[in-house]
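Heads up, the thing below is written out as structure tokens.
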Amino acid sequence: MSEDYFIPGAAAQSEFTEKKSRFISHLWPVASEEEARARIEEMRKTYYDARHNCWCYLLREGGVLRYSDDGEPQGTAGQPMLNVFQRRAISNVCCVVTRYFGGVLLGAGGLTRAYTRGASDVLAVAGRSRVCLWERAALCLPYGLFEQVRLLCDASGGIIEHTDYGADVTLDLLLPQGGRMALQDKLIELSAGTLTLEAVGEEYRGGPREELT
């Protein structure tokens with residue numbers, strides 16, 4: 001069985017200025033090198049007039065990691081950015097930090113701190129999502145119990161992925177591993193045993209966005 005891991009919670013952007021140099025950070029969850037390369041190329045075209053578009057990406061499958069200083073002194077940009085995601089155990093991530101030079105040299109230490117901040121700031125905006133095993137389930141229920149069931153699902157950490165309104169309400173649910181049995185117990189109590197979750201399958205997927213701690 002695969003282990004849980006973290007990916008960015010969302011695509012994100014952040015910006016700051018350091019000694020007149022403008023640093024613009026972008027971050028995305030990515031699933032392949034092709035997707036990461038496409039994002040990097042997109043930023044190169046968007047910020048074609050910038051002095052540097054430094055980047056890194058890290059993929060869980062195959063342990064792939066790549067980075068570039070894009071003309072900054074060696075070791076002052078791409079590697080420090082990558083270090084941010086490695087320390088936070090974030091996988092399947094691509095980050096580009098664009099620098100518009102402001103005329104003041106930052107020195108190697110200043111550049112390292114600036115690019116580290118660029119990656120850290122944009123990751124804080126993105127948050128993280130835990131990729132783990134989820135259980136799929138289906139549930140048919142009367143309209144009168146819908147709101148109570150919705151609250152029970154929320155309390156169980158579940159997600160209502162689809163709702164079909166017919167003679168009764170049919171829900172397609174995603175529940176964290178072990179959540180189906182826990183929710184079933186609550187449904188039995190709520191309905192005097194008339195509501196039964198139907199197991200549909202399992203899949204690995206990202207959960208709700210979490211703030212970094």
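The values are calculated or read from the model by the stated rules, or taken from the named source; none is laboratory data. For clarity, every value in this text was computed on a predicted model and none was experimentally measured. Ideal geometry is used to build each Cβ from the backbone, glycine not excepted, and the neighbour counts take in all protein chains shown.
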Matching strands (runs of 3 or more DSSP E) fully within the range 1-89 where at least 3 residues are of a type in the set (D, E, K, R) and closer than 19 Å to GLY109 by Cβ: none
Residue that is nearest to CYS94 (Cα to Cα), among those in the range 35-75 that are of a type in the set (Ser, Thr, Tyr) and crowded, with 17+ Cβ neighbours inside 10 Å: TYR57
Cβ pairs under 7 Å, 6+ apart, first in the range 10-25 and over 12 Å from PHE101 (Cα atoms), second assigned to a loop (DSSP other than H, G, I, E, B): ALA10/GLY127
Single unsatisfied condition, LEU133 versus (1) hydrophobic (A, V, I, L, M, F, W, C); (2) in a strand (DSSP E or B); (3) crowded, with 17+ Cβ neighbours inside 10 Å: (3)
Matching option when the condition is in a loop (DSSP other than H, G, I, E, B), assigned by TED's automatic domain parsing to the domain that holds THR46 and either surrounded by 19 or more Cβ atoms within 10 Å (Cβ to Cβ) or in contact (Cβ under 8 Å) with a residue 24 or more places away in the chain (or both), among GLY103, GLY118, GLY110: GLY103
Qualifying residue in the range 50-69 (condition: among the small types (Gly, Ala, Ser), under 18 Å from SER120 (Cβ atoms), touching a Gly at 6+ places or on another chain (Cβ under 7 Å) and assigned by TED's automatic domain parsing to the domain that holds PHE85): no
Residue check for GLY206: over 30 Å from ARG99 (Cα atoms), at pLDDT below 90 and in a strand (DSSP E or B): yes
Yes/no for VAL149 being touching a strand residue (DSSP E or B) at 6+ places or on another chain (Cβ under 8 Å), closer than 21 Å to THR17 by Cα and buried (at least 16 other Cβ atoms within 10 Å of the Cβ): no
Count - residues of the range 135-157 that are out of contact with any helix residue (DSSP H, G or I) (no Cβ under 7 Å at 6 or more places or on another chain), within 15 Å of GLN177 (Cα to Cα) and without any contact (Cβ under 8 Å) to a residue 60 or more places away in the chain: 2
First in the range 123-134 and under 21 Å from LEU175 (Cβ atoms), second anywhere and in a helix (DSSP H, G or I), Cβ under 9 Å, 6 or more apart: TRP134/GLY179
Residue match in the range 74-97 (condition: among the charged types (D, E, K, R), assigned by TED's automatic domain parsing to the domain that holds ALA114 and touching a helix residue (DSSP H, G or I) at 6+ places or on another chain (Cβ under 8 Å)): yes
Residue selected from the range 192-213 under the condition more than 14 Å from CYS153 (Cβ to Cβ) and without any contact (Cβ under 8 Å) to a residue 60 or more places away in the chain, by the criterion surrounded by the most Cβ atoms within 10 Å (Cβ to Cβ): THR196
